[in-house]
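The values are calculated or read from the model by the stated rules, or taken from the named source; none is laboratory data. This one's a predicted model, so the numbers in the text were calculated from it and none came from an experiment. For neighbour counting, all protein chains shown are included, and Cβ atoms are generated from backbone atoms with ideal geometry for every residue, glycine included. What goes into the accessible areas is simple: the full protein's heavy atoms, side chains included, and nothing from ligands, DNA or RNA. Shrake-Rupley method; radii C 1.70, N 1.55, O 1.52, S 1.80 Å.
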Amino acid sequence: MPPSGALNPYTLAISGSLAAAAILMPQPLYAQALRSELVISGGSIYDGSSLQPIVGDVAISGDKIVYVGGTAKNPYKGKRVISAKGMIVAPGFIDPHTHADEFLASKDSRSRLNLPWMMQGVTTIFTGVDGHGQPGGKTDLSGLFKSIEQQGFGLNVAAYAGFGAVRHAIIGDSARAPTEQELAQMRAIVAKGMCEGALGLSTGLFYAPQSFAKTGEVISLAREAAVRGGVYDTHQRDESSYTIGVVNSTKEAIEIGRAAGMPVHFAHLKALGVDVQGMAPELIAIIEAARASGADVTADQYPWEASGSGLDAALLPRWSVDGGRQAMLKRFEDPAQLSKIKTEMQDNLRRRGGAHSLLLTAPRLPWSGKRLDEIASQWKITPVDAALRIIKTSEQGSSVVSFNMAESDIKLLMRQPWVMTSSDGSRGHPRMFATFPQKYAKYVLKEHTISLAEFINSSTARTADTFKLDRRGHLKAGYFADVVVFDPARYRPKADYLHPEELTQGVQTLLVNGALAIDGGKATGVAAGRGLKHVPTAGTCSG
Ligand SMILES: [Zn+2]
């Protein structure tokens, strides 16, 4: 808040004998400065929504911003002043799609800083995405928020209730519909999650066993989130040509939101694989039409041409994993079923762009850092047989980076005013360590796909406003002091596909709720993140 009349030091300064001098001589507006803990001074300030920066100061007191504006008019004298000359000052980045479970579940205080994201300048992450639920596949959100309060966490965290975790808790991995009674149990778990502070319901209908759910089942659960003010966030059923196709899949998600009465948010929107590359204009047209008809539809996107997945999810037909891993391994033993599996895998491999488009990324395994075609020729077997051998050997060891997107689609989606930055960060893909600098270095500086202001807006205010995060995502007096200061000449991705786990450099200062998380380019060890609980619609939660 700007100083009010009663507290205005200027009023105090001109009373008394100095009054005449104050009028005659040029004096600073506030002869006696207000105090604040910190002033970030002289940087190029992008407040999150404006197109042009201003050069000036951001003053912070407690966990809030108290001033944003020109240096000459800044009434605040910080206990500490950090010079940001030549730096970009922006709201801390918000990442609406992360797989940060290992950090959230960790007991180690360094791990709980969540450095891969923190060093990029991220101050808020969303978790529970793709329908996965909370760390360990839990459906409970209160435990997550309690652990953030009690053990600390480096960044703010918002969380979804996860459709897959809920379905798994009641009917396991089977490919069947729930009974009426099971459906009621599932709805009750979603309702509980919403009342514990979930942003909404997330799904990953691409993944088994969530893929076994029909549209009506999803709508039924989504309604529990809708009545409590939640959003529907989805890794949609098909981003490619696997089952219903990306066009029908996009329509299905919009239909779920319409039928349940809630906003729809597409996670990591893309056109995946050779059959659908170039289809971004069609997807945009479908979403624009829904928006024009009054539906609230948005999306996030990661700035990489490769996705991250497992060989199993990427190549195996869904029927072959009905019942879980043991049932799958059993099917591999049956020659008739195996031959059918291989035929479908061959087609899925073609869809993904062939064996050279899959890079194995799990660390410390004989195939780490190699392409699937390379491994197959080394083992003197077909790529499909090589993939099967890897899947059989190790569940975790099959993680891949999958080069399957067209640059033209990535750029067109990035320019849409309803698309925001996300990482989808998980181990084995540089997006976990370098998404935000990647978007800045490649799509702002090198390719001029978007402007610096658009990069910042799509990484801060747009996301905070879409998800109605309370006083986040803007540099404004009265807002929480989540602030990033980065060096435009040094802020670059250090991680790449072959070295996916290099921390980003170039963030000079990072504030999370007013506390210095990064100071002089180094993490301070301070874990000042908070659980950002969504407040359910009044009267929809008892007790
Ligand atoms: Zn996903």
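List of remarks:
- Charge dipole of the chain about the Cα centre (unit charges at C-beta), most positive-ward option of 290, 460, 323: 460
- Straight-line cross-link partners of residue 442 among the aspartates and glutamates, defined as a Cα under 13 Å from its Cα and at least 8 positions apart when in the same chain: 305, 407, 496.
- Inverse mean reciprocal Cα-Cα distance (Kirkwood Rh) of the range 48-176, Å: 17.4
- Spin-label model distance (nm) - residue 102 vs residue 340, 7 Å beyond Cα toward Cβ: 3.7
- Potential extension, residue 381-residue 445 segment - 0.36 nm per residue separation minus Cα distance: 18.7 nm
- Helix-only CD estimate at 222 nm, as mean residue ellipticity for the chain, using -39500 (n - 2.57) per DSSP H run (n ≥ 4): -9500 deg cm²/dmol
- Violating pairs (Cα-Cα greater than 24 angstrom) within the set 146/192; 107/522; 270/476: 270/476
- 1.4 Å probe accessible area per residue over the range 305-409, in Å²: 45
- Ranked by the mean number of other Cβ atoms within 10 Å of their residues, highest first, the peptides 211-218, 421-428, 384-391 come out as 421-428, 384-391, 211-218.
- Annotation: aspartates and glutamates with alpha-carbon distance below 19 angstrom to residue 138 (same-chain offsets under eight excluded): 101, 102, 130, 149, 173, 182, 196, 224, 233.
- Heavy atoms of the protein chains alone define the surface here; on that basis the range 131-173 has 32 Å² accessible area per residue at 1.4 Å probe size.
- For residue 69, the residues 5 or more places off, or on other chains, whose built amide H falls under 5 Å of its own are 57.
- Cut-off 11 Å, label 7 Å out along Cα→Cβ of residue 408, residues of the range 260-280 by amide N: 277-280
- For the range 230-271, accessible area per residue (1.4 Å probe, heavy atoms of protein chains only), Å²: 25
- Burial order of peptide ranges 100-113, 235-248, 446-459 (average beta-carbon count within 10 Å, highest first): 235-248, 446-459, 100-113
- Solvent-free Debye scattering, log10 I(q)/I(0), computed from the Cα coordinates of the chain at q = 0.07, 0.12 Å⁻¹: -0.42, -1.13
- Carbon/sulfur fraction of accessible area - the chain, other protein chains in place, 1.4 Å, %: 55
- Sites residue 325 and residue 81 - FRET efficiency at Förster radius 56 Å, r taken between beta-carbons, to 0.05: 0.45
- Between residue 214 and residue 72, full extension at 0.36 nm per residue minus the direct alpha carbon distance yields a gain of 45.0 nm.
- With 0.36 nm allotted per residue and the present C-alpha distance subtracted, the residue 370-residue 477 stretch has 33.5 nm of extension available.
- In degrees, nearest ten, helix 383-393 long axis to first principal axis of the chain (Cα): 80
- Placing dummy labels 7 Å off each Cα toward the beta-carbon, the span from residue 470 to residue 538 is 1.5 nm.
- Taking 21 Å as the limit for the C-alpha separation, the pairs 468/533; 411/439; 494/533 exceed it in the case of 494/533.
- Tilt relative to the chain, helix 245-260 - C-alpha long axis, 0 to 90 degrees, to 10: 60
- Residue 393/residue 177 FRET efficiency (R0 22 Å; Cβ-Cβ; nearest 0.05): 0.05
- Cross-link partners of residue 77 among aspartates and glutamates (Cα-Cα below 18 Å; sequence separation of 8 or more within a chain): 37, 57, 63
- Tilt relative to the chain, helix 335-351 - C-alpha long axis, 0 to 90 degrees, to 10: 40
- Value of Rg/Rh across the range 263-418 [Cα atoms, Kirkwood radius]: 1.05
- Remark: the Cα gyration tensor places the range 168-296 in the oblate category, a/c being 1.5 or greater and a/b not exceeding b/c.
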